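Here the structure comes first, spelled out in structure tokens, and everything after it is commentary.
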Amino acid sequence: MALLKILQYPDKRLHTVAKPIETVTDDIRRLAADMAETMYAAPGVGLAATQVDRHIRMIVIDVSEDKNHLLTLINPVILAKDGEVVHEEGCLSVPGIYEPVTRAEHIKVRALNLDGLTYQFEAEGLLAICVQHEIDHLDGKVFVEYLSRLKQDRIRTKLVKQQRETM
């Protein structure tokens with residue numbers, strides 16, 4: 001397994017819409033393992049393939065306390081959503097920034113697993129928020145885009161400055 005480089009906002013590649021995965025191969029399973037290792041090392045609770053510059057529809061998530069409940073979602077689709085919740089979100093691609101975002105409170109999701117089999121589940125709480133956040137990445141959207149233009153501009157300026165200072 002390998003740690004992957006996480007793209008940092010405002011990198012334009014984060015706005016690429018990911019393509020569906022046609023077949024679950026050993027390469028896809030290897031990428032999922034690398035993404036999980038990268039997510040845990042960061043540390044984070046979710047990571048989309050888009051964030052590691054692979055523009056395919058796959059995400060890994062683990063919102064468990066002891067980090068032993070890894071979910072891999074291939075070609076995830078939200079089938080239903082209801083309710084509304086505001087939760088402070090952060091993102092591995094937008095380091096150090098945490099802002100409140102409104103999301104659906106409950107969702108029903110369909111995805112493929114690493115064996116290529118379709119499964120469905122319902123989620124609420126942090127898992128529902130995380131799934132929606134990561135699917136946004138697959139659709140080329142970063143959570144800061146839910147914020148006002150002024151906040152987006154301030155965040156972009158701050159992160160560009162930080163990136164320059166670390167080079």
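Bear in mind these aren't lab numbers, they're just calculated from the coordinates by the rules spelled out. Because the structure is a prediction, the values reported are computed rather than measured. Don't worry about glycine lacking a Cβ; one is built from the backbone with ideal geometry, like all the others, and counts go over all protein chains shown.
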Please give, to one decimal in nm, the separation of the simple spin-label points placed at Ser148 and Glu84, each 7 Å out from Cα toward the Cβ.
1.8 nm
For region 1-115, compute Rh as the Kirkwood radius over C-alpha pairs and then the Stokes-Einstein diffusion coefficient at 25 °C and 0.890 mPa s; write the answer in µm²/s, rounded to an integer.
163 µm²/s
Given an 8 Å cut-off on Cα distances and at least 6 residues of separation, report the relative contact order of region 12-166 as a percent.
24 percent
Amide H partners (placed H, <5 Å) of Glu105, local residues excluded:
Asp82, Gly83, Glu84, Val85
Region 1-73: trypsin sites (Lys or Arg not before Pro) in DSSP coil with no more than 12 other Cβ atoms inside 10 Å
Lys5
Could you give me the ³J(HN,Hα) list for region 89-95, computed from phi with Karplus coefficients 6.51, -1.76, 1.60 and θ = phi - 60°, whole Hz, x at Gly and Pro?
10, x, 7, 5, 8, 10, x
Take the residue pairs Lys19/Lys158; Lys12/Lys67; Lys5/Lys141; Lys5/Lys161; Lys81/Lys141; Lys12/Lys151 and return only those whose Cα atoms are more than 23 Å apart.
Lys19/Lys158; Lys12/Lys67
Likely footprinting exposure, Asp66, Asp11, Asp136, fewest C-beta neighbours within 10 Å first
Asp66, Asp11, Asp136
